[in-house]
Amino acid sequence: MQDLLDDQRDPDADLLQRYAAGDAAAARLLTTRLAPRLHGHALRVLGDRVEAEDVAQEAMLRLWRQAPHWRPGEAKVTTWLYRVVANLCTDRLRQRNAGAVPGGLDAVAEPADPAPGAAQKIQQAARADALQQALASLPDRQRQAVVLRHIDGLANPEIADILGIGIEAVESLTARGKRALAAQLSAQRDALGFEDDGF
């Protein structure tokens, strides 16, 4: 029975408790583990590197404020953080749609990968830009669900917790979003070099 309990322990919650007790090293480790994932998710949803950094930092700050009150077992730290990031992204998207937040897809540069050659880099950037543009065209909730499921690799129950909806709603959002993405990207198949990739 103890082995089962140990398997269900959240190592991030253990680090958070250590941070709340004054262990600065635990905070650094938790930040190193989680901040890049939060930033990546926010970047995919918002399409703006600076905004994504702001969202990831704000989410981590909220976690630090929550640390003394954290109750292990109620939620996974990652689920709680992804929900915070999802809410912050939704707020920013609403502000942007209202015209309050500048930025957009044209301001986002794809990170360079040192391994591939120049032609492959250009093709990868074109594919990433096409995906980002297609993602940006989805309704906000669909975009969140698709990114969490198909890019961040989270399971439907965890996505349901993050978005505050049922598992069936997650399945519906991701299915509709995936179909919409496929329809948009299929028109660019040849230009993106997918003719031999079974796209």
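The values are calculated or read from the model by the stated rules, or taken from the named source; none is laboratory data. This is a predicted model, so every value here is computed, not measured. As a convention, Cβ positions derive from the backbone with ideal geometry for all residues, glycine included, and neighbour counts pool all protein chains shown.
Observations on the model:
Okay, residues lined up against (1) surrounded by 15 or more Cβ atoms within 10 Å (Cβ to Cβ); (2) closer than 22 Å to Ala187 by Cα; (3) at pLDDT below 60:
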{"site": "Gly104", "(1), (2), (3)": "no, no, yes"}
{"site": "Val108", "(1), (2), (3)": "yes, no, yes"}
{"site": "Gln123", "(1), (2), (3)": "yes, yes, no"}
{"site": "Arg143", "(1), (2), (3)": "yes, yes, no"}
{"site": "Val146", "(1), (2), (3)": "yes, yes, no"}
{"site": "Ile151", "(1), (2), (3)": "no, yes, no"}
{"site": "Leu154", "(1), (2), (3)": "yes, no, no"}
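- Residue match in the range 134-144 (condition: in a helix (DSSP H, G or I) and over 17 Å from Thr90 (Cα atoms)): yes
- Hey, Glu168 buried (at least 16 other Cβ atoms within 10 Å of the Cβ), at pLDDT 75 or above and assigned to a helix (DSSP H, G or I) or not: no
- When the range 56-102 is limited to residues that are in a helix (DSSP H, G or I) and among the aromatic types (Phe, Trp, Tyr), the one that is nearest to Leu15 (Cα to Cα) turns out to be Trp64.
- Unmet requirement for Leu138, which otherwise passes all of (1) touching a Pro at 6+ places or on another chain (Cβ under 9 Å); (2) crowded, with 20+ Cβ neighbours inside 10 Å: (1)
- On inspection, Glu53 qualifies as surrounded by fewer than 16 Cβ atoms within 10 Å (Cβ to Cβ), in a helix (DSSP H, G or I) and among the acidic types (Asp, Glu).
- Listed by first and then second residue, the pairs linking a residue in the range 123-142 that is among the small types (Gly, Ala, Ser) to a residue that is assigned to a helix (DSSP H, G or I) and modelled with pLDDT under 75, with Cβ atoms under 7 Å apart and 6 or more places separating them unless they lie on different chains, are Ala136/Leu105.
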